[in-house]
Every structure is written in structure tokens, then in C-alpha cells.
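Undergrad: A single structure is presented below for examination.
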Protein chains: 2
Amino acid sequence: MKKKILELLQNCQDFISGQEISEKFGVSRTAVWKAIRQLEAEGYVIEAVRNKGYRLKEEPDLLTEEQLQKYLETDWAGQHLVVFDETDSTNNQAKRLAEEGAEHGLLVLSDCQTSGKGRRGRSWDSKAGEGIFMTLLLKPDIQPGNASMLTLVMALAVRAGIEDVVGIDTQIKWPNDIVCDGKKVCGILTEMSAQIDYINYIVIGVGINVSNEIFPEEVAATATSLYLLTGVRISRAKLAAKIMAEFEKYYALYLKTQDLSGLMNEYNSHLINRGRSVRVLDPRQEYTGVAQGINQSGELLVQTEDGTAHVSSGEVSVRGVYGYV
Amino acid sequence: MKKKILELLQNCQDFISGQEISEKFGVSRTAVWKAIRQLEAEGYVIEAVRNKGYRLKEEPDLLTEEQLQKYLETDWAGQHLVVFDETDSTNNQAKRLAEEGAEHGLLVLSDCQTSGKGRRGRSWDSKAGEGIFMTLLLKPDIQPGNASMLTLVMALAVRAGIEDVVGIDTQIKWPNDIVCDGKKVCGILTEMSAQIDYINYIVIGVGINVSNEIFPEEVAATATSLYLLTGVRISRAKLAAKIMAEFEKYYALYLKTQDLSGLMNEYNSHLINRGRSVRVLDPRQEYTGVAQGINQSGELLVQTEDGTAHVSSGEVSVRGVYGYV
């Protein structure tokens, strides 16, 4: 009943009276009132005006399997969904499910994470309702050494998904961040379980700051959210589903050559580091140069005074010389 | 009581009467008889002769924590032990324990495996009492691309351990088998969980055919056991412990340079492929050449008619042109 009443309200532009609802579904006025209360408890804002009836004013941004399936238009990515209200980290959950035999294309989402992970064991702030925390499981027949390129493929998908759903142009900070106005909106964490010449599985975790209104002091200077950038609330389910559709598209191009030759031009056109001074934190020797863009292996080409260095994400970190990016 | 009686029997060269045992420990003759029955059930062969008493004739080859600790002389490798009577695979168990926070140096052993694993998802025959099935957990601060070298480090340790405990000279078939008389005695399966530039953990699984007397038809031509090679029964615990000690030694040399430059000469001196024709099963193009030995990265150098190819274990498999090796 609750679901039917919700659908009715969603399809009505104007008020609809309790009497009308009760007659339409053949239930008592009390039953209608109870359903309205339940919807409000779930976060729906419903206007109730005497002699006019009810009107749906605001829908909550739910990250549920139902919401996701409403938007999901993919062949395989996310067609098997596991959604948590809370979990330690979606990467950890995806890895556990992979060890238990979960298949290529599984998408794990959670409304919040208790131990969200960034690169190299750093943590990632993951409060309920504020972000998209999701992990896609892949079991590709590629060499372990090529797995790092998939981070870049996902970066392209996230950037395109945000452009489509939110309507803003974001940039990629090589290799795994999405930034806008010089601040980080999204981080991507790829992990794999591999034998020497065989990938057991890969998980690609995506954390997007969606509706955060404020950030902890220690990251306030470098982090932002889609809400802070636009002032608009968006559906996390819609964005997550769109990113899956974009990933499928880019992934197919990646698989054709098993490298980034078909994607590097697009990647480079969105690369914020391009043409900028970067400091390469190579453990053997730090150096500074100008980032030229990636090559087909996803390495960042950095022009130094004495030549061009190929910077592999497996080797070093890159920092902008001026500010965060 | 059982344990005390066992110790007494182990320290007696000659027969000892039931009366003497019962008086020594202040227990009834029936209690002594019960303990003897229990020991027999565990695999101890105890001679019982009227008017003389009991004598320990043969000890079972137990793979228990107690037995292992008796032989283990390492600083860290295997100092934390988890021993199973049966498990799916010691690699899987080690990976599970690693995800739960187990530390560098954990050694997982099992008397048998229900889903023993070989490379690329192949299975590995793992019956109770017949082999050593063990997995060492490592959390090294090295690049993921260097992890494959650890298979070669373990191969050196297994070869040296067998030479020391069993007294026979085995060879290494690049990259991950130990062979003798042209048949496989041991396989090594290295797996890792990694981020792009960061190793979460590595597990190195070792399967050694110790006391097998017969092999299934499909592998009989290519597999052998230490017992079939020597006719002698050895203690699995002793061999496993010795391999850990050898691994510690070779691993320290590996860590010095984070490559095999300090180990390649020794590796090459035991390399059965050396100087032999090998067929390189490169997915791009198969070719034949003569194996020269490994370089400091653990790649097999193969001399072809038109030059020398560097064969990485991350790329291809190698087959002997004549027979298994």
C-alpha cells in the first residue's frame, strides 16, 4: 500500500486528498494516514494541507537496491548488486564476496563506511547519506601488470558520469582523483588479488563526496562535494548507475587493446596535471618536471630538464608544485 | 598421562614393563593400557611383549604445532603457526587470516587440503599424511611488480631444505617447481593482494610430495615424492622447519637489493632448464630457444636464433622441449 501511495504522489503534480487515495485503493483513511507517516519516517517530505490533501515535496536521496535498479542501464556492470546500510569498506566487502565466488560485474554499495580506505592505508571519510561508496568487482583475463590501468578507466567513467548527471566539468588528477575548482571530489582505490601471471580478481572502489556540506578541518582545504560545487542535491543512485554505464563503455574500449591507446586522448584532455609543474616523489630521487599527459600504458610522461621521464603509478606519487593539484 | 608415557617410551631404548610405568606415575595398570591404546590410535607403533612390557617401535609423522616448534629455529618465519588437520587450501586460509590482520611471518600448515591449488586455478593433490602443505604470509615493503621474485626465493629455500634434511640434490624448474629425476617433487604458488603501488600482503604456498607411494595415473609420469626418491621416511615437521630457516636466510639477501642479484648465481647453478631447449608459450607468439639462466629480476633469459629474449614469469609459461622438464 505504502509503495502504491508513493507512486501516486510521485505522479501527481498537485495535491491529492486522503479521501481520493482511500477510494482509489479501497482502503480506510486511517490506512492512508499510516502510509504517509511511514513515508515521512523514510525521509520523504510530504505537505499536508486541510481541504487539499497531500503533496510530495521532497524525496530522500536513498541508496537502495530498488533506487539503483530504477536507473541502471547496463549489460553487466552492477547487474548483481549488494547494498549495505553500513559496512567497514566496500572494497573489503567486495574482496570477501570475491573469495566466496562472486562474479565479474558485482557492485557493492554502502550508505556509509566505518573504515573507508584511501591509498596506502589512509582512511576516507564516509558518513551516512553524504557520499557514494561503491566497489565494482572485475575478473578480467589480463596480466596483473596491466591492472593499474583500470584505475584510469574508472576515472574516465566517474568524470563522464558527473558531467552527465550533475552537469559540471571535472578534471582528473593522475592517476586516481577527480577534482573540481582545485579540490578533490572523488578518489578511486584499485586493489587486486593475483597469482604471478593470473588475476584472481580486481576491485575498483569509488568514493564520491556528494552532499557533504562541511569537511573536517584537516581536509577542508583540499576536499569538496558535488553539493558544495553546485548548490544542487542529486540522486546518488542515479549517479552511481550512470557511472556504471560509462564504465562499461570505456572498459570495452580498454579490452580491445588491453591498454589505453583508445582512451589516452580523452584522458589527457581532462588531465589537470597537463602542462603543469609536478614533483615526482620517486623513492630513488625526487625531481620536478612538466606533466605532458599519459601514454598508452597509463604512465604519466614528465618532461624534465634532461629528458622525458615515464612515471608509473606503480612507482611514485605525483604532487602539484603549486597547491593540491 | 598419555604424554608422560610417550616421553618415557621415547627415552627408553629397551622394553619397559607396564608395572614399572604404573608405579612411576602412580596410576593403575588399566590407565597405562588405555594410554598405550590411545597412542597406537594416533599412529605410534608400540611393541608389547609378555613379561617384557612395551617398546616404541615407530613414531607417526605428525604435522602438529608441537612437532614443528621442536624443529623451528627461526627469528620470524613460522614463529606464529596455525596448523589444521584439514582445510580447503593453506593459501586460502593464509589470505583469510591476512585480511583479519595476521602479521608478517605467519605460517599456515595443514595435514591435508580439500581444494589444494596449483597455478592458474589448477588443483593440487593433497592427501592426509602424505605431504607438506604450507603457506607463509609476508608483508614486505616492496613494489607489487617485484613480488614474483619471491617465488624464486622460496624455490631456493625448498631446494636447500630438502638437501639438508633428506640429503638429495634437487633442481629448480623455472620459475616455481622443484624436480628430481625429471619429476616434480614440489610446487610453489605465490599470490598477492595489492594496491597499485602497495602490497597488502603476499602468501607463498608450498606443496611437497613427501611420503606418497603412488600417484594418480594422470600425474604418475611427471610427479614423484621424497619417499619414492630415497626409500626413506622423513619428518615433515623437520623439513618444513628447515625450509623456514633457509627462507629467512635467502629472504634477507633478497631484501638487501630487492632483487635477485645476490641469489641468481646460486639459483642458476640449480636450474634444470639451463642450457636446455625450452618452448616459450608467449600468448603473442610461441617460440623455442635455449635457456641461459635468470637475470637479477628473475626473468629467464632464452637465447633464440635471432637474439636473447627476456621471459618474465608474469608473461608466459615455459615447457621443456623434451619431456616434462
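Derivation of every value follows stated rules applied to the coordinates shown; laboratory data play no part. The shown structure was predicted, so the numbers you read here are calculated from the model rather than taken from an experiment. Don't worry about glycine lacking a Cβ; one is built from the backbone with ideal geometry, like all the others, and counts go over all protein chains shown.
Undergrad: Going by the alpha-carbon gyration tensor, a ≥ b ≥ c the square roots of its eigenvalues, is segment A:141-279 rounded (a/c under 1.5) or, if a/c is not under 1.5, prolate (a/b greater than b/c) versus oblate? Before the final figure, lay out each step's value.
TA: Values: a/c = 1.71, a/b = 1.62, b/c = 1.06.
Taking the square roots of the gyration eigenvalues as a ≥ b ≥ c, segment A:141-279 is prolate.
Undergrad: Given the peptides A:219-229, A:135-145, A:64-74, arrange them by the average over their residues of other C-beta atoms within 10 Å, most packed first. The partial results should precede the final answer.
TA: Working: A:219-229: 17.5, A:135-145: 19.9, A:64-74: 15.7.
Highest-to-lowest ranking by the protection proxy: A:135-145, A:219-229, A:64-74.
Undergrad: Within segment B:50-68, which residues have the backbone N less than 19 Å from the label spot 7 Å out from B:PHE25 along Cα→beta-carbon, could you tell me?
TA: B:52-60, B:66-67
Undergrad: Still on this model: Using alpha-carbon positions, what is the distance between the centroids of segment A:255-289 and segment A:1-51, in Å?
TA: 54 Å
Undergrad: Something else: Can you tell me how the protein assembly as shown classifies by the Cα gyration tensor, rounded, prolate or oblate, using a/c under 1.5 as the rounded cut?
TA: Because a/c hits 1.5 or more and a/b fails to exceed b/c, the protein assembly as shown counts as oblate.
Undergrad: Assuming a ≥ b ≥ c are the square roots of the Cα gyration tensor eigenvalues, decide whether segment B:2-58 counts as rounded (a/c under 1.5), prolate (otherwise, with a/b larger than b/c) or oblate.
TA: Details: a/c = 1.40, a/b = 1.15, b/c = 1.22.
Rounded is the answer for segment B:2-58, as its axis ratio a/c remains below 1.5.
Undergrad: Using the Karplus curve 6.51 cos²θ - 1.76 cosθ + 1.60 with θ = phi - 60°, work out ³J(HN,Hα) for each residue of segment A:292-301 in order, rounded to whole Hz, and write x for Gly and Pro.
TA: Along segment A:292-301, the couplings run 9, x, 8, 9, 5, 8, x, 6, 8, 8 Hz.
Undergrad: Could you pull out every residue, at least 5 positions away or on a different chain, whose amide H is within less than 5 Å of the one on A:HIS80? Hs are placed 1.01 Å off N in the peptide plane, and Pro or chain starts have none.
TA: The answer is A:LEU107.
Undergrad: Of A:LYS3/A:LYS70; A:LYS95/A:LYS117; A:LYS3/A:LYS57; A:LYS95/A:LYS238, which pairs sit farther than 18 Å apart, going by alpha carbon to alpha carbon? Walk me through the intermediate numbers first.
TA: On the way: A:LYS3/A:LYS70 14 Å; A:LYS95/A:LYS117 13 Å; A:LYS3/A:LYS57 16 Å; A:LYS95/A:LYS238 25 Å.
Beyond 18 Å between Cα atoms: A:LYS95/A:LYS238.
Undergrad: Label-to-label distances across copies for A:GLU47, with labels 7 Å out along Cα→Cβ, in nm, shortest first?
TA: Label-point distances to the other copies, shortest first: 10.1 nm.
Undergrad: Turning to a different aspect of this structure: Taking amide H positions as placed in the peptide plane 1.01 Å from N, state which residues far from A:LYS183 in sequence (5 or more) or on other chains have amide H under 5 Å from it.
TA: Long-range HN contacts for A:LYS183: none found.
Undergrad: From the backbone phi of segment A:265-275, what are the Karplus-calculated ³J(HN,Hα) couplings (6.51 cos²θ - 1.76 cosθ + 1.60, θ = phi - 60°) in whole Hz, Gly and Pro given as x?
TA: Coupling constants for segment A:265-275: 5, 5, 4, 5, 5, 10, 7, 5, 6, 4, x Hz.
Undergrad: Counting only C-alpha contacts under 8 Å and six or more residues apart, can you give the relative contact order of chain A as a whole percent? Could you put the intermediate results ahead of the total?
TA: On the way: 647 pairs, mean separation 45.6, N = 325.
So the answer I get is 14 percent.
Undergrad: Enumerate the amide H contacts of A:VAL311 below 5 Å, restricted to partners 5 or more residues apart or on another chain; note that Pro and chain-start residues carry no placed amide H.
TA: The answer is A:LEU300, A:LEU301, A:VAL302.
Undergrad: Moving to a separate point now. FRET efficiency for A:PHE15 and B:THR114, Cβ-Cβ distance as r, R0 = 60 Å, nearest 0.05? Working shown, then result.
TA: On the way: r = 65 Å, r/R0 = 1.08.
Efficiency for this residue pair is about 0.40.
Undergrad: Treating the point 7 Å from Cα along Cα-beta-carbon as the label, what are the nm separations from B:ASP181 to the other copies, to one decimal?
TA: 7.7
Undergrad: Run through the DSSP bridge list for segment B:71-152 and note the antiparallel percent, rounded to the nearest 5. Working shown, then result.
TA: Details: 5 of 12 bridges.
Of the beta bridges lying entirely in segment B:71-152, close to 40 percent run antiparallel.
Undergrad: Apply 1/(1 + (r/R0)^6) to the Cβ-Cβ distance of B:THR64 and A:ASP181, taking R0 = 56 Å, and write down the FRET efficiency to the nearest 0.05.
TA: Details: r = 63 Å, r/R0 = 1.12.
That pair, B:THR64 with A:ASP181, gives E of 0.35.
Undergrad: If R0 is 22 Å, what FRET efficiency do you get for B:LEU255 and B:HIS80 from their C-beta distance, rounded to 0.05? Don't jump to the answer; show the numbers that get you there.
TA: Numbers: r = 20 Å, r/R0 = 0.89.
Approximately 0.65, to the nearest 0.05.
Undergrad: Nearest-to-axis residue of chain A, judged by Cβ, for the A-to-B rotation, with distance in whole Å?
TA: Reported as residue, whole Å: A:SER193, 2.
Undergrad: Hey, got the average number of other protein chain Cβ atoms within 10 angstrom for residues in A:196-208?
TA: Mean shielding count: 3.
Undergrad: Starting with the fewest neighbours, write out B:CYS186, B:CYS180 ranked by other beta-carbon atoms found within 10 Å of each beta-carbon. Display every interim value, and only then the final one.
TA: Numbers: B:CYS186 28, B:CYS180 22.
Final ranking by Cβ density, sparse to dense: B:CYS180, B:CYS186.
Undergrad: For label points placed 7 Å from Cα toward Cβ, what is the shortest-first list of nm distances from B:GLY275 to its copies?
TA: Between copies, matching label points for B:GLY275 lie 6.2 nm apart.
Undergrad: For helix B:236-257, what angle does its Cα long axis make with the longest principal axis of chain B, in degrees from 0 to 90 and rounded to 10?
TA: 30 degrees
Undergrad: Mind checking the mean number of beta-carbon atoms from other chains within 10 Å of the Cβ atoms in A:188-195? All intermediate terms of the calculation are to be shown ahead of the outcome.
TA: Details: counts 1, 2, 3, 6, 7, 7, 9, 15.
What the average comes to for A:188-195 is 6.
Undergrad: Can I ask one more? In nanometres, what is the gap between the two model label sites at A:LYS52 and B:GLU73, each 7 Å from Cα along Cα-to-Cβ?
TA: 9.0 nm
Undergrad: In degrees between 0 and 90, to the nearest 10, how far off the longest principal axis of chain B does helix B:2-11 point, with axes built from Cα atoms?
TA: 80 degrees
Undergrad: Further, regarding this structure: Tell me which of B:HIS310, B:ILE199, B:PRO216 sits at the most positive position along the dipole axis of segment B:175-325, charges placed on C-beta atoms (Lys, Arg +1; Asp, Glu -1).
TA: Of B:HIS310, B:ILE199, B:PRO216, it is B:PRO216.
Undergrad: Can you give me the angle between helix A:149-166 and the longest principal axis of chain A, using Cα atoms only, in degrees from 0 to 90, rounded to the nearest 10?
TA: Roughly 40 degrees between the two axes.
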